[in-house]
Amino acid sequence: MEMPSISPKQLTKKPKTGSISRHVLAVFGVAIVLATLFTAWTDLGLLPGNIGARFILVRSPQVTAQSTGEVAPTQRSRPLIGIVAGHSGNDSGAVCPDGLTEVSINQTIAAYIQQQLVNENIDVDVLQEFDPRLSDYKALALISIHADSCDFINDQATGFKVASALANPHPERAARLTACLRNRYSQITDLQLHNSITTDMTSYHAFDEIDSETTAVIIEVGFMNLDRQLLTQQPDLVAKGITAGILCFVNNEDVSLQPTP
């Protein structure tokens, strides 16, 4: 077959500029698509050096606490409650003639509270009286467990007491925790509030040691003389009253409502 003749001028003819531009744009477009697919399906941690980090910086703008002017909060997945077993690790506390000690009552009740709160998906630290962890201790709340004198004072020396710090950076929180504990504890144990609050309670040493954001109270769970039967034979019920008060505070329950059985 005879081939058509081609002139030298036709051999040296240059392509049009628009055609080149279209080819360049097409290649560039394909490169972008491939890069997107590459970064979408590639584990960036497997890339050498800091290439993966550079891809991340290109792919997504960073929004940080600094860029918004806010401090990024560090939140626990579960609330934390501190329970001080009064006098533990230090002394026996009040002592009855037959050898019953306040510290043994406090420790037993604290152990029950821990178990009950953990069952409610709340983390608990059981602390000693002068526990080094109390320094700047951070928790949603701190409750110190104590029991009152074993001496017979009079027929009115029965009941419980709850108090917060005399000088409190967040009085509204302390008032709510106090109200929750008083209400729930009284309903569950049938003990009445005894209003003989002492300076030993309102100036309790731990109040000055913990972090200022930790709401704290101290509770005298009953008198070791007239309330002895409840404190020694039903410590789980005593703990239940305190646990219900803590849950009232944690869950922002109506203080006047009856606690859940």
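The values are calculated or read from the model by the stated rules, or taken from the named source; none is laboratory data. Everything numeric in this text was worked out from a predicted model, so none of it was measured. Cβ coordinates were reconstructed from backbone atoms using ideal geometry, including for glycine residues, and neighbour counts include every protein chain displayed.
Is the stretch 232-254 home to any residue that is surrounded by fewer than 20 Cβ atoms within 10 Å (Cβ to Cβ), within 19 Å of THR108 (Cβ to Cβ) and either among the hydrophobic types (A, V, I, L, M, F, W, C) or in contact with a strand residue (DSSP E or B) (Cβ under 6 Å, 6 or more places away or on another chain) (or both)? Within the stretch 232-254, one or more residues are surrounded by fewer than 20 Cβ atoms within 10 Å (Cβ to Cβ), within 19 Å of THR108 (Cβ to Cβ) and either among the hydrophobic types (A, V, I, L, M, F, W, C) or in contact with a strand residue (DSSP E or B) (Cβ under 6 Å, 6 or more places away or on another chain) (or both).
Screening SER164 on (1) over 19 Å from ASN183 (Cβ atoms); (2) touching a Pro at 6+ places or on another chain (Cβ under 9 Å); (3) crowded, with 18+ Cβ neighbours inside 10 Å shows it passes everything except condition (1).
Here's the yes/no breakdown for (1) free of Cβ contacts under 8 Å to residues at least 24 places away in the same chain; (2) more than 23 Å from GLN128 (Cβ to Cβ); (3) not in a helix (DSSP H, G or I):
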residue	(1), (2), (3)
ARG176	no, yes, no
ARG182	no, yes, no
ASN195	no, yes, yes
ALA206	no, no, no
GLU213	no, no, yes
ALA216	no, no, yes
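Criterion applied to GLY241, GLY245 was being within 26 Å of VAL95 (Cβ to Cβ) and outside any loop (DSSP other than H, G, I, E, B), and the one residue passing it is GLY241. Identify, from the list ALA206, ALA174, ALA147, the residue that is buried (at least 20 other Cβ atoms within 10 Å of the Cβ), touching a Ser or Thr at 6+ places or on another chain (Cβ under 7 Å) and among the hydrophobic types (A, V, I, L, M, F, W, C). The unique qualifying residue is ALA206. In the set GLU129, GLU220, only one residue is outside any loop (DSSP other than H, G, I, E, B), assigned by TED's automatic domain parsing to the domain that holds VAL84 and touching a His at 6+ places or on another chain (Cβ under 7 Å); that residue is GLU220. Report yes if CYS150 is in a loop (DSSP other than H, G, I, E, B), out of contact with any Lys or Arg (no Cβ under 6 Å at 6 or more places or on another chain) and among the hydrophobic types (A, V, I, L, M, F, W, C), otherwise no. Yes: the conditions hold for CYS150. Restricting the stretch 153-173 to residues that are of a type in the set (A, V, I, L, M) and assigned to a loop (DSSP other than H, G, I, E, B) leaves a set whose member that is nearest to TYR185 (Cα to Cα) is ALA157.
Do we find that SER164 is over 17 Å from the mean Cα position of the chain (by Cα), of a type in the set (Gly, Ala, Ser) and within 19 Å of GLU102 (Cβ to Cβ) in this structure?
no
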